[in-house]
Amino acid sequence: MATSSQQLKIIVAGMAAQYPVGGVAWDYLQYPIGLARLGHDVVYHEDTWCWPYHPLSRTVVDDPSYSAAYLRDFFARYAPELAERWHYLHLHEASCGMDRAAFDDFARSADLFINVSGGSFFPDSLSPRCLKLFLDTDPGYNQIILSERPSWSENVDRWCAGVHAHDRHFTYAENFGATDCTMPAAGIAWKKTRMPIVPELWQPRADHIKPDSPWSTVMTWNVFKGKLEYRGVEYRGKAEEFAKIANLPRRFGRPFRIAVGGTEAPLADLANQGWAAEDGPSATLTPEDYQDYLAASRGEVSVAKNVYVALKTGWFSTRSACYLAASRPVVVQDTGFSSILPTGRGLHAFTTADEAAAAIEAVEANYQAEMRAARDLALAHFDARQVLSRLIADAFAAS
């Protein structure tokens, strides 16, 4: 049985080249960095068989050069030890980064394949003894798709078969198994995990804090392609939940800012509610832009997808964990995480707009202490060294 203290050969698969914008990069690339800094031999790999999105052109493109340069620049800046340890396979044909032969050689002897969000196909050369781990970052939605297989979900049968082909299944639904969590298991033995944060990449930046700094968030507004239904109940995305806090700017004499992407993003409506609303991919284009956006914030105030909230999944956002690591207090809608993570100082959970407003007031009343508590919470609960060591131990533990 492998342990986190043994050096393993690990492939981390993600979607940072598929969607090369700041927040997505931090969602996926802290995995290979954290694992490498634990002493493992790590390669970041991506093979979605999809055309990548180009954030400047605002469309998908058939040219991998922008996405490849994005990965190259990220590792060169934030993790030079991985500068030669990434492989982007464009449309399953053209290799960027590592030479294809070098990657295939690594895959033949890999011990662990971690498919974050399940977006990548298994490498053709993957060792048959390699443990394949599916990591569910969209809990509730994925389980309903697995259970109901709606006709509007593209290639749903192939996707479901791909999920089941993994050896281990982990989820961000940390409240799964609790009496108030109604997320279906969909026939899978889910293990629980959370997002890793590499603390040294998120040093507090006091120079960015000003008295008029806005409360902010970053999100994608896209709606589901069809009705997401389970046992006669329809579950939705963020629009329904955000309506509950849309009038917060009118209740406070300070600015509120939102960077929102997606084809359905209601920028004009948000601006009318008092938010400084801007296009998310433009405002947080690079990983550094994303960090600067968070650092220029007073704190985060945000909601979760309705499916996360209604099913009481316990999901917690990687974005919110990054705010905490940057020493920015977080006020976010409760998905059930309040029974798992400590709240009330640095991190505040709410269910109503009044509770959100009260939390903001509590933060402002003792802001410096709230900042320290936010950073302390990130170190205690999201440090990649702890999160990823446990992930490996749980992955290799006997079923």
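The values are calculated or read from the model by the stated rules, or taken from the named source; none is laboratory data. Remember, predicted model here, so these are calculated numbers, not experimental data. In this analysis, Cβ positions are derived from the backbone assuming ideal geometry, glycine residues included, and neighbour counts consider all displayed protein chains. In case anyone asks, the SASA skips ligands and DNA or RNA and just uses the protein heavy atoms, side chains included. Shrake-Rupley method; radii C 1.70, N 1.55, O 1.52, S 1.80 Å.
Of the residues that make up the stretch 305-320, is at least one of a type outside the set (D, E, K, R), without any contact (Cβ under 8 Å) to a residue 12 or more places away in the chain and not in a helix (DSSP H, G or I)? Checked against the condition, which is being of a type outside the set (D, E, K, R), without any contact (Cβ under 8 Å) to a residue 12 or more places away in the chain and not in a helix (DSSP H, G or I), the stretch 305-320 yields no hits at all. Could you run through the stretch 46-58 and say how many residues are open to solvent by 50 Å² or more (accessible area, probe 1.4 Å) and either in contact with a helix residue (DSSP H, G or I) (Cβ under 9 Å, 6 or more places away or on another chain) or assigned to a helix (DSSP H, G or I) (or both)? Here the count works out to 4. Taking the stretch 214-270 as the range and being small (Gly, Ala, Ser) and either closer than 20 Å to Arg58 by Cβ or over 21 Å from the mean Cα position of the chain (by Cα) (or both) as the test, the residues that pass are Gly226, Gly232, Ala243, Ala246, Gly253, Ala259, Gly261, Gly262, Ala265, Ala268. Here is the figure for the stretch 236-266: residues that are under 22 Å from Val21 (Cβ atoms), outside any loop (DSSP other than H, G, I, E, B), open to solvent by 30 Å² or more (accessible area, probe 1.4 Å) and in contact with a helix residue (DSSP H, G or I) (Cβ under 8 Å, 6 or more places away or on another chain) total 0. Quickly run through the stretch 169-182 and pick out the residues that are within 19 Å of the chain's Cα centre (by Cα) and not small (Gly, Ala, Ser). Once the filter is applied, which keeps residues that are within 19 Å of the chain's Cα centre (by Cα) and not small (Gly, Ala, Ser), the stretch 169-182 yields His169, Phe170, Thr171, Tyr172, Glu174, Asn175, Phe176. Taking the listed residues Ala357, Ala378, the one that is surrounded by 17 or more Cβ atoms within 10 Å (Cβ to Cβ) and more than 26 Å from Ala243 (Cα to Cα) is Ala378, with no other qualifying.
Quick grid of which residues meet (1) open to solvent by 10 Å² or more (accessible area, probe 1.4 Å); (2) among the β-branched types (Val, Ile, Thr); (3) in contact with an Asp or Glu (Cβ under 9 Å, 6 or more places away or on another chain); (4) at pLDDT 95 or above:
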| residue | (1), (2), (3), (4) |
| --- | --- |
| Leu285 | yes, no, no, yes |
| Leu294 | no, no, yes, yes |
| Ser297 | no, no, no, yes |
| Glu300 | no, no, no, yes |
| Leu311 | no, no, no, yes |
| Gly314 | no, no, yes, yes |
| Arg319 | yes, no, yes, yes |
| Leu324 | no, no, yes, yes |
| Pro329 | no, no, yes, yes |
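List the residue pairs whose Cβ atoms are under 9 Å apart, where the first residue sits in the stretch 228-250 and is closer than 24 Å to Ser213 by Cβ, the second is assigned to a strand (DSSP E or B) and open to solvent by 70 Å² or more (accessible area, probe 1.4 Å), and the two are 6 or more positions apart or on different chains. Listed by first residue and then by second, the contacts come to Lys238/Thr220. Beta carbons closer than 8 Å, at least 6 apart along the sequence or on distinct chains, pair a first residue in the stretch 41-59 that is farther than 18 Å from Leu82 by Cα and β-branched (Val, Ile, Thr) with a second that is outside any loop (DSSP other than H, G, I, E, B) and open to solvent by 10 Å² or more (accessible area, probe 1.4 Å) for Thr59/Tyr53.
The single condition among (1) within 19 Å of the chain's Cα centre (by Cα); (2) without any contact (Cβ under 8 Å) to a residue 24 or more places away in the chain that Cys160 does not satisfy is (1).
Pairs linking a residue in the stretch 378-399 that is among the hydroxyl-bearing types (Ser, Thr, Tyr) to a residue that is surrounded by 18 or more Cβ atoms within 10 Å (Cβ to Cβ), with Cβ atoms under 6 Å and 6 or more positions apart or on different chains, are Ser389/Ser4. For the stretch 271-285, give me each residue that is in contact (Cβ under 8 Å) with a residue 60 or more places away in the chain and over 22 Å from the mean Cα position of the chain (by Cα). Correct list: Ala276 only. Filter the stretch 23-45 down to the residues that are aliphatic (A, V, I, L, M) and open to solvent by less than 10 Å² (accessible area, probe 1.4 Å) and list them by number. Answer for the stretch 23-45, where residues must be aliphatic (A, V, I, L, M) and open to solvent by less than 10 Å² (accessible area, probe 1.4 Å): Ala25, Leu29, Ile33, Leu35, Val42, Val43. May I ask you to verify whether Leu71 is open to solvent by less than 10 Å² (accessible area, probe 1.4 Å), assigned to a helix (DSSP H, G or I) and touching a helix residue (DSSP H, G or I) at 6+ places or on another chain (Cβ under 9 Å)? So Leu71 fits the description; yes. Of the helices (runs of 4 or more DSSP H) lying entirely inside the stretch 85-174, those containing at least 2 residues that are farther than 26 Å from Tyr53 by Cβ and open to solvent by less than 30 Å² (accessible area, probe 1.4 Å) are 100-108. Remark: Asp104 falls outside the filter, which requires a residue to be out of contact with any Gly (no Cβ under 8 Å at 6 or more places or on another chain), of a type in the set (D, E, K, R) and under 23 Å from Arg168 (Cβ atoms). Inside the stretch 321-362, residues that are in a helix (DSSP H, G or I) and touching a residue at least 24 places away in the same chain (Cβ under 8 Å) make up a count of 12.
Per the conditions (1) under 17 Å from Lys132 (Cβ atoms); (2) of a type in the set (Ser, Thr, Tyr); (3) part of a loop (DSSP other than H, G, I, E, B), the sole criterion not satisfied by Tyr19 is (1).
Of all residues in the stretch 110-123, those that are at positive phi have Cβ atoms under 8 Å from Cβ atoms of residues that are open to solvent by less than 10 Å² (accessible area, probe 1.4 Å) and among the hydrophobic types (A, V, I, L, M, F, W, C), 6 or more apart or on another chain, in Ser117/Leu135; Gly118/Phe134; Gly118/Leu135; Gly118/Val163.
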